[in-house]
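Written out below as structure tokens is the structure these notes cover.
The values are calculated or read from the model by the stated rules, or taken from the named source; none is laboratory data. Here the structure is a predicted model, which means the values were calculated and not measured. Using ideal geometry, Cβ is built from the backbone for each residue, glycine included, and neighbour counts are taken over all protein chains shown.
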Amino acid sequence: MELNPVIAVLGRRLRLAVIGGGPGSFIGAMHRQAARLDDRYEIVTGILSSDPHKSKKAGLDLGLAPDRSYASVQEMLDRESSRNDGVDVVSIMTPNDSHYEYSLAALEHGFDVICDKPMTNTLEEAEALHKKVQESGLIFCLTHNYTGYPMVRQAKAMVADGQLGTIRLVQVEYVQGGKADEQKPMPEVLTWKYDPVRGGPSRVMGDIGTHAHNLARFVTGLEVAEVAAEIGTIVPGRLIHDFGGALLRFDNGARGSFWVTQAAAGVENCLRIRVSGSQGSLEWMQEFPQALTFKPLRDPSQNRTPNGPGTLPLAARSSRIVAGHPEGFHEGFANLYSDAAEAISARRAGKAADPLALYFPNSWDGLLGVRFVNSVIESSKANGKWTKC
Ligand SMILES: NC(=O)c1ccc[n+]([C@@H]2O[C@H](COP(=O)([O-])OP(=O)(O)OC[C@H]3O[C@@H](n4cnc5c(N)ncnc54)[C@H](O)[C@@H]3O)[C@@H](O)[C@H]2O)c1
């Protein structure tokens, strides 16, 4: 691969606008760092807050040009689309209820889009947005960032390579403890995260359930066909869902389990998957992302590591350094940005991108994520009835 495939194709870096990610936002800083890691983007403008004064101040603090400081997203899109050196890509990291509006507006202005999950709050919006992406021919990257870890990609490649045989069982869990503390007072004014309308129909599902669902699909290449679910609230007095569990039936007949919560006291960010096939099993855990355990049917258990022996091409291109040097959250996130950059620059130059760059989640994955959330809610309301996805 060239040193910088975007420069090789376009002769310059992609110009990026960010929406959201102002002071206090955890994920905004991650997006910006991910965009910069491989030097494929230059952040040229942004609306960092819904408050124009805060947005302008945050933009200046980041070193954005004052003459590209705009009062609203609409103004930014209008003005940038009429500049010769206008932005190429818009990245959206705002509260969930604005993803649809901003993504649609960016696509309508001819910009490629990178958007955080969940793609939208409603199924109608998800279907409309996916349709728009398909019609436009533009690139849409959904930042299910855990799919960017080298060992998650290695797991996917090993499954696709047949090393596990026929997939029979999938267990996925995303367990956090951030909402376990009953002493923590509810905010006086409900922020979007505690507002069932702005945050989406199920907080825990939008926050982490879509990540877990996407991870299971990404690694196995299978689709969840049906769920039997329960979703609800464990911590007394809470208005939003803080746990969800489901049994899964996959489209190849495999069975699975899904468990997500933000109310497990003391647990930090435990996203974990186990996949078992007729010839062996794989296990991976986000808090120790360097280790992928492979348990073959008849041989002793093995460990795969980034760039270690047995690394397959999809994983090899996802590590930046030689074996034994830990990489983690930032690098995984950056892999989605960098792959999307390859796809976007190739599209703009009318060339074909490296097929291995095309594994980032897209609007179809976003639509299936929203559909899964709805099916879990529907099943739970029907006392765990098996429900199609
Ligand atoms: N991929 C991940 O792992 C991950 C992790 C955390 C959050 N997220 C997603 O990121 C999004 C934001 O979450 P957060 O935790 O950063 O939220 P947050 O409330 O902490 O931050 C949101 C930021 O967006 C800004 N903002 C709000 N409305 C805006 C608007 N209309 N225009 C411009 N800026 C606006 C706010 O000023 C704030 O800076 C959510 O969709 C969430 O699901 C993803």
If you take the residues of the range 325-361 that are under 18 Å from Leu215 (Cα atoms) and part of a loop (DSSP other than H, G, I, E, B), which of them is farthest from the ligand (Cβ to nearest atom)? Leu358
Kindly indicate which of Ala340, Ala316 is modelled with pLDDT of 95 or more, of a type in the set (Gly, Ala, Ser), more than 26 Å from Gly110 (Cβ to Cβ) and surrounded by 15 or more Cβ atoms within 10 Å (Cβ to Cβ). Ala316
Can you tell me which residue within the range 292-311, out of those that are touching a helix residue (DSSP H, G or I) at 6+ places or on another chain (Cβ under 7 Å) and under 18 Å from Tyr146 (Cβ atoms), is surrounded by the fewest Cβ atoms within 10 Å (Cβ to Cβ)? Arg304
Within the range 246-266, can you find the residues that are under 20 Å from Pro196 (Cβ atoms) and either out of contact with any helix residue (DSSP H, G or I) (no Cβ under 7 Å at 6 or more places or on another chain) or hydroxyl-bearing (Ser, Thr, Tyr) (or both)? Thr261, Ala263
Conditions first: (1) closer than 26 Å to Thr147 by Cα; (2) near the ligand (Cβ under 10 Å from one of its atoms); (3) part of a helix (DSSP H, G or I). Ile19 passes all but one, so which condition is the exception? (3)
For the range 44-71, name all the residues that are crowded, with 21+ Cβ neighbours inside 10 Å, closer than 11 Å to Ala17 by Cβ and out of contact with any Pro (no Cβ under 9 Å at 6 or more places or on another chain). Thr45, Gly46, Ile47
Scan the range 342-380 for residues that are closer than 25 Å to Asn96 by Cβ and touching a residue at least 60 places away in the same chain (Cβ under 8 Å) and report the count. 23
Qualifying position, being within 26 Å of the chain's Cα centre (by Cα), modelled with pLDDT under 95 and surrounded by 14 or more Cβ atoms within 10 Å (Cβ to Cβ), among Ser103, Ser25: Ser25
If you take just the strands (runs of 3 or more DSSP E) that sit entirely in the range 154-252, which of them hold at least 3 residues that are within 16 Å of the ligand (Cβ to nearest atom) and of a type outside the set (S, T, N, Q)? 167-176
Yes or no: Val6 within 30 Å of Gly350 (Cβ to Cβ) and either within 16 Å of the ligand (Cβ to nearest atom) or assigned to a loop (DSSP other than H, G, I, E, B) (or both)? no
